[in-house]
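As C-alpha cells, the structure follows; a few thoughts come after it.
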2 protein chains.
Amino acid sequence: MKPLDPVEFRRQGHMVIDFLADYYQNIEKYPVLSQVKPGYLLESLPDCAPTYPESVEAILKDVQKDIIPGITHWQSPNFFAYFACSPTSSFLGEMLLNGFNVVGFNWVSSPAATELEIVVMEWLSKLLQLPPTFSSSSDGGGGGVLLGTTCEALVWTMLAAKEKTLDQIGRENTYKLAVYCSDQTHVCFQKAAKIIGIQPENVRKVLTTRSTNFQLSPKSLDEMIKRDLEVGLIPIYLCATVGTTSTTAVDPLATLCEVTSKYNMWVHVDAAYAGTACLCPEFRHFLDGVEGASSFSFNAHKWLLTNLACCCLWVRNKSLFTKPLSTNSEMLADKATESGKAVGYKEWQISLSRRFQALKLWMALRSYGVTGLRERIRKHVKMAKDFEGFVNMDTRFEIMAPRYFSLVCFRVSPYAIGKHLDNDHEANEFNQKLLESVNATGRAYMTNSVVGGVYIIRFVVGVALTEDRHVEMAWKLVQSQATSLLGTSTLLKTNLCNHLKKQLGM
Amino acid sequence: MKPLDPVEFRRQGHMVIDFLADYYQNIEKYPVLSQVKPGYLLESLPDCAPTYPESVEAILKDVQKDIIPGITHWQSPNFFAYFACSPTSSFLGEMLLNGFNVVGFNWVSSPAATELEIVVMEWLSKLLQLPPTFSSSSDGGGGGVLLGTTCEALVWTMLAAKEKTLDQIGRENTYKLAVYCSDQTHVCFQKAAKIIGIQPENVRKVLTTRSTNFQLSPKSLDEMIKRDLEVGLIPIYLCATVGTTSTTAVDPLATLCEVTSKYNMWVHVDAAYAGTACLCPEFRHFLDGVEGASSFSFNAHKWLLTNLACCCLWVRNKSLFTKPLSTNSEMLADKATESGKAVGYKEWQISLSRRFQALKLWMALRSYGVTGLRERIRKHVKMAKDFEGFVNMDTRFEIMAPRYFSLVCFRVSPYAIGKHLDNDHEANEFNQKLLESVNATGRAYMTNSVVGGVYIIRFVVGVALTEDRHVEMAWKLVQSQATSLLGTSTLLKTNLCNHLKKQLGM
C-alpha cells in the first residue's frame, strides 16, 4: 500500500462517495431505530486485528453487512428523536479538514485554522445579533471559539467563574462556592460542577413547573440565592437555557441577569439547540437579555448544518476565560500568538490539539447563505407546527408544553385511556408503550422525556431529508399504534374524552 | 439547494476528492511552514456571511486561493515538526462516520458505534499486549474508550483518583491532595490538575536531568512523596510517560509503580506518541511494567494512521473511572446500557455527544493489517536513524538525547560556534537562528524544545508521504543553513571542534 498515492486516493475516495450516495438513496429502506440485539457485532467480528491488509472493497462490504444494520439512522427523514444532527455541505468541509488534517493549536501551526475560526465566529455573532462586547473585533475584550460540545463550554466557563472568585477571596473558600441551574438544565451542568470540584450539595437547582412552562423563575432564584448567602455560600455561576432539552423551554434572560448582577455572578446562556433558530429575525427575541450574560453557546452540529462535534461559544471577557488554563510550553510557543497579533486557541479549551473545525462551518454558511439557512429553519418549524396541528385535532392526544421551535411534546391523555385527569402513572406507562411500539416498527424514531413526573413523547424535526410527507406518515403511525393499543373500546373512550374536555372548557 | 440529493452529493463529493488528490500531488510545491503574516485572512475575507448560496466550485476556488497559503502542511513529506499526525485510510473512515453522523452517546443511539469501539479497543489492547485486567472481555472490570486527546484522558483519570480518595477521607480534605509528574510531562498535566481543583502548589514536579536521559527517577519521586506526606499532603496520582514530548524519554514504569503502590496512588501511563511503536515486538519492552498502572493511553491520531482527534484510553477499574460522572437522564436512558449488556460510553468522558470514531480506526487497522502497520512504523524509525547517522557524521553537530523512536534531538554544538562547552546561552541563540532559517526556506519544517536550559532542534519522521530522499534533503538543508550562519570561519571552527572532541575522548 502506497499511502496518499493520488491515483489510489482518488479511486478509494470516489468509491466511498458512491457508497454514501447509495446509502442516502436507500436510507428510507432501513429501520430508523436499529433493530439489532446487544452484542450483535461483538459476536460477529473477529477477536483480533487482521494480520494482512484488506481492500477497501472488502471493508465497505462489511460496512454494509455488519455496520449499517447496527446504525440508528440519524440522517433518515423519519428520524424525529433527541435533537437532530443533520449536516449537508459541512460534509465537504469535513473532507477538506480531514484531508489537510492540520493540528491548529496555535497560530503558526496553521494560520488559516485560527483566522478562519475568528472569521466564522464573527459572522455568526453578527447573524445572532450578539452584543458587540462578545466580539473579538470590538475593544471590549470578548471573543468566540469553536469547542466540541456544550459540556466543554460549561466546564470551561464555570472554571473561569470559579478561578476569578478564588483569586479574590482565597482558595481555601472553594467549599463555599455555589452554582445555579434549573431542574430543566442539561445534565452536563452537574458533570461540569463535579469536574471542577464544586461541592455536590452546592449545585443548586431551582424547580420549575408545567404551569410556568418549565421556565427558571428569577424570583425563585433570587430567594434561593438569598437563603444560600445566609448560610455562607458564595454564588458564582448561573446557567440559563434558551430551548431546554426536554421541552425547549426558554428562561427569561433579562430578568435572570438582573438578579445575578446583584451578586456579581457569571451567567452562561446555553442555547445548544435553539440558538440556530435565532438566526431568523422572528426568533431573535428569545435571546433578548443575552447582553447581560457573561457567555453564550449553541451547537452548530445540532441545527446549523454542521457535522459533529461543533459548539460555538462566545465570552465577554476573554482574559478571565483563558487565564485559568494558559500554559507555557516551549514546544508550542508561537511568536504571533505571544505578540498578541493572533488568537492562541489552545488556551481556549481543555485540549491542546484542535481540528480545523472552522472549515466545515464556513463551508456550510457559504453554500447555504443566510437566506438558505433561514429558509431551512423555517421549513422545519413549519413541519413541527403542522405536526402540532395534527395532535390538536385528535382529542385522544394532548400537547404537553408550548411549541416554540421544531419540537412538539405530546402524549395520549389520561382521559383517552379512561383514567382521571391526575392519573399520570398509568398514562406514563401507556405512553411509554406507545412510543416503544412506534419505534419498534422501524418506520419512525422519536424519544421521550419525563417532566414534572409526566412521561412525554418528543417529536423533533431537523433532518435535512425530512419532507412534509414524512411528518404526515409519522403522525399516522402514532395514531394507528395508539388506536391499536387503546383496543376496541377506543372509540368509546375518545367520545368520553371529548365530552370531558368540553365540560372542562378545554 | 436540495440537501443530500444523491446526484448532487455524488457530484460535489467527487469534486472534493479530486481537489484533495490534486493537493497531495502538488503538496511539495507549497512551503511546508505557512509564510503568511498574522491577519492575512481576516483582512481578505468579507465581514459578514454571504446572503445567498454560493457554489461548491466557488468555495473550492477560495480554499485554493485563501486557505491553502495559510496552511502549515502537516501532510507534506517535508514536515518533521512536533509529532506528525498523518492519517491515510482513516480518511475514508472519516468520510463514512461523517456521512452517517450518528451521535453515539449510548448503545441504542447507534449500537454499531458502541460495539465497534469495544472491538477495536480489544484489538489494540491485544496488539499492545496490555494486561488482561485492562480488557473489557476479562472479568477484571477494565475497559477501553476512545477520547479526543490525552488532555481529556488526564482530566478524567485524575478526577477518578481524586473522587476515589475523597470518598474515603472526606471532601473537606481536597486541599491536601497532591499529584505527581516530572518536568518532562506534557503541559496538559497542569491543565488537568487545575481543572479538577488540585491546589496549584500540590502539583508536584520531579526534576529530571540530561545525565539520566530526562527519565523520572523513582528514587526522587519516593523522596518527594515522603517529604510531602510529612507535611500532610495526600499523594493520589502519578503520570508516567513513555516517549516524552521534548525528547521521547521513557520513564521506568515498573520501578515507578513499585513506589506508588506503597501509597495506593493511581498511575496513568501517557504514551501519546510512542504507544504506537509498541505494536512492534522490538519496542514493546518500553511498556514493561504497565501491568502495575491504573490506566494507559496513546494517541491513534499521532502515529497510528488516524485522523484527529483520537486518543485510546484503557483503565483497570471502569467503575472507579465512570462513577464520578455518571448522569441519570431520562432523555438519554437506554435499556441495553442499564441492563449491563452494553457499554454506556457517555459515562466515560466529559461530553455526552460522541463521534463514531471507532469506524476510522477500524478502517485504518483493516486496510493496513498488523504487518502493514509494523512495516510503516519501522520505516519511519529507520529514516530517523539515518538522520541521526547524518548528524553524527558532521562534527559541528551533536545529538542531545537518545533516539528511541522516530525523533532525533540535535543542535550545533557550542564548539562549532567557537564557544566553551558550557556556553549554552549563545549556543541556544545560534540554534534558534538556525531553525528559523531552515523553516523560512519553506523546504522543511522542524520545531524545537528547551530541555535542561538547552535549546534543541527536534526532527520527527511520521508523515505518510515521507521517503528517504526527503530526509536526506532535510539534512542537507540543515547543513547548508548552518554553514551559511557559521560564516567563513566555519572550517576553522570545525577543525577546532574535532580537535577538542578527540581530546575529550568523545
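The numbers here are math on the coordinates, done by the rules we state, and not lab data. It should be emphasised that the depicted structure is a prediction, and the values quoted were computed from it without experimental measurement. Using ideal geometry, Cβ is built from the backbone for each residue, glycine included, and neighbour counts are taken over all protein chains shown.
Here chain B is described by how far its Cα atoms reach on the three principal axes: 77, 70, 47 Å, from widest to narrowest. Ranking of B:Leu41, A:Leu207, B:Leu308 by neighbouring Cβ atoms within 10 Å, starting from the fewest: A:Leu207, B:Leu41, B:Leu308. Where both bridge residues fall in the protein assembly as shown, DSSP classifies roughly 60% of the beta bridges as antiparallel. Charges were assigned to the Cβ only: +1 to each Lys and Arg, -1 to each Asp and Glu. The resulting dipole of the protein assembly as shown about its Cα centre is roughly 60 debye.
Chain A holds its axis-closest Cβ, relative to the rotation onto B, at the residue and whole-Å distance A:Gly197, 2. The length gained on full extension between B:Glu223 and B:Ser480, counted as 0.36 nm times the residue separation minus their Cα-Cα distance, comes to 87.8 nm.
For chain B, with the dipole built from +1 on Lys and Arg beta-carbon atoms and -1 on Asp and Glu ones, taken about the Cα centre, which of B:Gly487, B:Ser353, B:Met393 lies farthest toward the positive end? Result: B:Met393.
Under the classification rounded if a/c is under 1.5, otherwise prolate if a/b is larger than b/c and oblate if not, where does the stretch A:1-137 fall, given a ≥ b ≥ c as square roots of the Cα gyration tensor eigenvalues? Oblate, because a/c is 1.5 or more while a/b does not exceed b/c. When A:Ala440 is represented by a point 7 angstrom out along its Cα-to-C-beta vector, the spacings to that point in the other copies are 7.4 nm, nearest first. Inter-label distance, B:Glu57 to B:Asp139: 6.7 nm, where each label sits 7 Å from its Cα along the C-beta direction.
Of all DSSP beta bridges confined to chain B, the antiparallel ones make up roughly 60%. Each Lys and Arg Cβ is given +1 and each Asp and Glu Cβ -1; about its Cα centre, the stretch A:366-503 then shows a dipole of about 460 debye.
One Cα centroid belongs to the stretch A:308-327, the other to the stretch B:110-165; the line between them spans 28 Å. Ranked by the mean number of other Cβ atoms within 10 Å of their residues, highest first, the peptides B:106-116, A:117-127, B:449-459 come out as B:106-116, A:117-127, B:449-459. For the stretch B:366-503, the Kirkwood radius over C-alpha pairs fed into Stokes-Einstein at 4 °C and 1.567 mPa s yields D = 82 µm² per second. Bridge orientation summary for the stretch A:104-355: considering DSSP beta bridges with both residues in this region, about 40 percent are antiparallel. Reported to the nearest whole Å, the Cα centre-to-centre distance from the stretch A:439-479 to the stretch B:236-299 is 49. Between this copy and the others, label points of A:Ala333 are 5.6 nm apart in ascending order, each placed 7 angstrom from Cα in the Cβ direction. Across peptide B:145-156, the average count of Cβ atoms from other chains found within 10 Å of a residue's Cβ is 3. Counting only other chain Cβ atoms within 10 Å of each residue's Cβ, the peptide A:45-57 averages 6. Extent of the protein assembly as shown along its three principal axes (Cα atoms, max minus min coordinate, largest first): 108, 65, 58 Å. Across the identical copies, the 7 Å label point of A:Ser55, projected outward along Cα→Cβ, sits 3.6 nm from its counterparts, in ascending order. Under the convention that each Lys and Arg Cβ holds +1 and each Asp and Glu Cβ holds -1, the size of the dipole of chain A around its Cα centre is about 780 debye.
Going by the alpha-carbon gyration tensor, a ≥ b ≥ c the square roots of its eigenvalues, is the stretch B:27-107 rounded (a/c under 1.5) or, if a/c is not under 1.5, prolate (a/b greater than b/c) versus oblate? Oblate shape, in that a/c is at least 1.5 and b/c is the bigger or equal ratio. Ranked by the mean number of other Cβ atoms within 10 Å of their residues, highest first, the peptides A:279-285, B:244-250, A:398-404 fall in the order B:244-250, A:398-404, A:279-285. Residue-wise HN-Hα couplings along the stretch B:451-458, as the Karplus relation 6.51 cos²θ - 1.76 cosθ + 1.60 with θ = phi - 60° gives them from phi, are 10, x, x, 9, 7, 10, 9, 9 Hz; Gly and Pro carry x. Each of A:Glu375 and A:Arg469 was given a label point 7 Å from its Cα along the Cα-to-Cβ line. The distance between the two points is 2.1 nm. For peptide A:58-68, the mean count of partner chain Cβ atoms within 10 Å of a residue's Cβ comes to 4.
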